[in-house]
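Trainee: Quick one: the structure is below, questions incoming.
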Amino acid sequence: MTRGDLAGQVALVTGGAGGIGAAICQALAEEGAAVLVGFSTGEARAGALVAALPGTGLHRAVLTRVDDSATLYAAARSVQQTEGRLDLLVNNAGVTTPVPHDDLDGLSDEWIDTILRINVRGAFACTRAFVPLLRSGGGLVVNISSVAAQTGLGSNVAYCASKAALDSMTRSLGRALAPEIRVLSVSPGWVDGEYAQKMPAEAIAVQAGRTPLGRIARPGEVARAVLAAATHLTFTTGCVIPVDGGRPLG
């Protein structure tokens, strides 16, 4: 792929300074996009990523607290005033916590509400806030989902449900926002990012062993799927792109 495919375009990545988010920001910046690194609490970390991205002066950090719609509308106004456009929104912000699926009492009401608020309502609210900007330029929304939506296997029951809801929302919004805006899910399996790196090595080895391709994904592989959605899959909307090494087959 020729470098600079996204030159002149503006992309916003929520949760942009995390492991997967940072890889997505890097890939988009390398292709010439002006990258808005969305953050909720880690402003210093987002600022450090902005400074490290290729394309000096193109990028900036933007407060995108996805469970606060007022903050999101303020961010949209800021983008309108500063960049004047938005071509790509990546709803990457998400949360979870490990709870065995058979430990029903271990999954508290508070965690259920938090997971659904951030992973589902947050993606919807962010999309809603930026639709006017996206619509003006024929934009794209990419939701970062998970193979857990399909398999029902993941960090906890609520997390699996949240990603299934996100994929369903991708289909609904793909229909509702067409033809001006395309909406896709990118659905990784286990990724060698911040969450996986907190897990015991033997647990990751088990997951790799259950994956036909014999390993877990690298953050850059998820980023390249987002990039492909923006640059190559231009007649694709309302569907889920797997980046899971064939995990549902394992």
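The values are calculated or read from the model by the stated rules, or taken from the named source; none is laboratory data. The model shown is predicted, which means the values in this text are computed figures rather than measured ones. Note that each Cβ is placed from the backbone with ideal geometry, even for glycine, and that neighbours are counted across all protein chains shown.
Trainee: Condition first: touching a strand residue (DSSP E or B) at 6+ places or on another chain (Cβ under 8 Å) and over 15 Å from residue 221 (Cα atoms). Now tell me which residues in region 17-40 satisfy that.
Mentor: Answer for region 17-40, where residues must be touching a strand residue (DSSP E or B) at 6+ places or on another chain (Cβ under 8 Å) and over 15 Å from residue 221 (Cα atoms): 17, 29, 33, 34, 35, 36, 37, 38, 39, 40.
Trainee: Using the structure shown, decide if residue 248 is in contact (Cβ under 8 Å) with a residue 24 or more places away in the chain and not in a strand (DSSP E or B). Write out each step before concluding.
Mentor: Numbers: in contact (Cβ under 8 Å) with a residue 24 or more places away in the chain: yes; not in a strand (DSSP E or B): yes.
Against the criterion (in contact (Cβ under 8 Å) with a residue 24 or more places away in the chain and not in a strand (DSSP E or B)), residue 248 qualifies.
Trainee: I'd like to check something: does region 156-172 contain any residue that is assigned to a loop (DSSP other than H, G, I, E, B) and at pLDDT below 95? Steps first, answer last, please.
Mentor: Residues of region 156-172 assigned to a loop (DSSP other than H, G, I, E, B): 156.
Narrowing the set further to residues that are at pLDDT below 95 leaves none.
No: zero hits.
Trainee: Go through region 42-67 and give me each residue that's free of Cβ contacts under 8 Å to residues at least 12 places away in the same chain and outside any helix (DSSP H, G or I). Can you show your working first?
Mentor: Filtering region 42-67 for residues free of Cβ contacts under 8 Å to residues at least 12 places away in the same chain gives 44, 51-52, 56-57.
Within region 42-67, 56, 57 qualify.
Trainee: Another question, if that's okay. So, in region 99-134, how many residues would count as being under 19 Å from residue 154 (Cα atoms) and either modelled with pLDDT under 95 or among the aromatic types (Phe, Trp, Tyr) (or both)? Give the steps one after another, and end with the answer.
Mentor: To start, the set of residues in region 99-134 that are under 19 Å from residue 154 (Cα atoms) comprises 99-120.
Pick out the ones that are also either modelled with pLDDT under 95 or among the aromatic types (Phe, Trp, Tyr) (or both) and you get 111.
Residues in region 99-134 being under 19 Å from residue 154 (Cα atoms) and either modelled with pLDDT under 95 or among the aromatic types (Phe, Trp, Tyr) (or both): 1 in total.
Trainee: Of everything in region 73-88 that's in contact (Cβ under 8 Å) with a residue 40 or more places away in the chain, closer than 14 Å to residue 63 by Cα and not small (Gly, Ala, Ser), which residue is surrounded by the most Cβ atoms within 10 Å (Cβ to Cβ)?
Mentor: 79
Trainee: Only one of these is surrounded by 21 or more Cβ atoms within 10 Å (Cβ to Cβ) and either in contact (Cβ under 8 Å) with a residue 40 or more places away in the chain or out of contact with any Phe, Trp or Tyr (no Cβ under 8 Å at 6 or more places or on another chain) (or both): 227, 213. Name it.
Mentor: 227
Trainee: Right, here's the next one. Inside region 102-126, can you point out the residues that are surrounded by fewer than 18 Cβ atoms within 10 Å (Cβ to Cβ), hydrophobic (A, V, I, L, M, F, W, C) and within 23 Å of residue 92 (Cα to Cα)?
Mentor: Answer for region 102-126, where residues must be surrounded by fewer than 18 Cβ atoms within 10 Å (Cβ to Cβ), hydrophobic (A, V, I, L, M, F, W, C) and within 23 Å of residue 92 (Cα to Cα): 111, 112, 116.
Trainee: In region 77-130, what count of residues is obtained for those that are out of contact with any Asp or Glu (no Cβ under 8 Å at 6 or more places or on another chain) and assigned to a helix (DSSP H, G or I)? Walk me through how you get there before you give the answer.
Mentor: The initial filter retains those residues of region 77-130 that are out of contact with any Asp or Glu (no Cβ under 8 Å at 6 or more places or on another chain), namely 77-116, 119-120, 123-124, 126-130.
Checking the rest, the ones that are also assigned to a helix (DSSP H, G or I) come to 77-82, 104-106, 109-116, 119-120, 123-124, 126-130.
The total comes to 26.
Trainee: Follow-up question, since we're still on this one. What are the residue pairs meeting all of these: first residue in region 147-159, first residue closer than 17 Å to residue 222 by Cβ and among the β-branched types (Val, Ile, Thr), second residue surrounded by 22 or more Cβ atoms within 10 Å (Cβ to Cβ) and modelled with pLDDT of 95 or more, Cβ atoms under 7 Å, and 6 or more apart or on different chains?
Mentor: From residues that are closer than 17 Å to residue 222 by Cβ and among the β-branched types (Val, Ile, Thr), the pairs are 147/187; 147/188.
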